[in-house]
Amino acid sequence: MNLVISMSKYQGSGNDFLIIEADRLGEFLAPQEWPDFARRVCNRHFGLGADGLLVVGGRSEGRPFMRVFNSDGSTAEMCGNGIRCFAAYTHGEGWRDWWTQGSLVVETDSGPKKIELSDGGYRVNMGPPIFDPERIPVKTEERDKGGCPVVRVELPGTQHGTVHCVSMGNPHAVAVVRSLEQFEETPLSEHGSMIEEAVSFPQRTNVEFVWLADKHRAYVKVWERGAGATLACGTGACAVAAVGISNDMLESPVFVELPGGTLTIEWDGKGDVFMTGPAIKVADIDRYYCWE
């Protein structure tokens, strides 16, 4: 196969994505071939390199949509940094007629999400956190005092030997460590992959290791399901805030410090979670050659 196709690259807090319009990709590949294309194009040695691929569309229908493929070709129901990159793409690539009074609603595999322009970049209504084990999903009968399901793990330095489980449209396991030293020394690849693949998570899970500096600031390392270690995770930042606020460890707003930058998370403890952060264009790729 010799495929010549154009796309764009964006990053949100260091989480980078290739963006391509569905109609354009559909001219070359059937939808069932998109996962393999994502795996190839996201490869950092043999492809263009990215944490994920966003396939976007809906221009003709007037209702935008976004599909998320991880770098291993698997799909993600939702992506917080990805949706901000989608917002930057649509706002800057001639799709501004979709925006109404500075806002846009996009369809995702976890439901519609509303995006607003903000001084901090883009503010996204991420919906409410989900603590129902069946909907996360996670296999456990234990809960913390905030109502989050918890899973026992054998990780040195984690508080009480547990991870707190929540869904922000996709599953997350939040491990709070006792000290900055423990946070810095956490072997992300080893512990992250172990939790991601644990039998308690039937659809695997994203993993966040967290050190709480104070009531409004959390330092986070991310291991993403299907992508591995990344510089940021928007849904993960929301998951950290939801776990922390529901357990009286954090207060809104929460400034989540990730290796790729800071995301601001707001939650009143009852309704929807709001995430604010930047998204920036990296490049336009006029021709990408894929062959085998």
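Read-outs: derived from the displayed coordinates by stated rules, not from any lab. All values derive from a computational prediction rather than experimental measurement. Cβ coordinates were reconstructed from backbone atoms using ideal geometry, including for glycine residues, and neighbour counts include every protein chain displayed.
Ordering Val176, Pro253, His164 by the projection of their Cα atoms onto the charge dipole of segment 150-271, which places +1 on the Cβ of Lys and Arg and -1 on the Cβ of Asp and Glu, puts His164 at the extreme positive end. Each of Trp99, Trp223 was scored by other Cβ atoms within 10 Å of its Cβ. Arranged with the fewest first, they read Trp99, Trp223. Under the classification rounded if a/c is under 1.5, otherwise prolate if a/b is larger than b/c and oblate if not, where does segment 150-271 fall, given a ≥ b ≥ c as square roots of the Cα gyration tensor eigenvalues? Judged from the Cα gyration tensor, segment 150-271 comes out rounded (a/c under 1.5).
Among 270-277, 184-191, 8-15, how do they line up from the highest to the lowest mean number of other beta-carbon atoms within 10 Å? Show your work: numbers first, answer last.
Numbers: 270-277: 19.4, 184-191: 14.1, 8-15: 23.5.
Top of the packing list down: 8-15, 270-277, 184-191.
Check the straight Cα-Cα distances from Lys145 and name the aspartates and glutamates below 18 Å, setting aside those fewer than 8 residues away within the same chain. Here the aspartates and glutamates satisfying the reach criterion relative to Lys145 are Asp132, Asp248, Glu251, Asp268. Counted by neighbouring Cβ atoms within 10 Å, the residues Asp286, Asp72 run from fewest to most as Asp286, Asp72.
Would you list Asp119, Asp51, Asp23 from fewest to most Cβ contacts within 10 Å?
Working: Asp119 6, Asp51 27, Asp23 13.
By the 10 Å Cβ count, ascending, the order reads Asp119, Asp23, Asp51.
Indicate the helices, whole DSSP H runs only, in the chain that combine a mean Kyte-Doolittle hydropathy of 0.0 or more with a Cα extent along their long axis of 15 angstrom or more.
Details: long enough: 80-92 (18 Å, -0.08); 234-246 (18 Å, 1.53).
The answer, listed by residue number, is 234-246.
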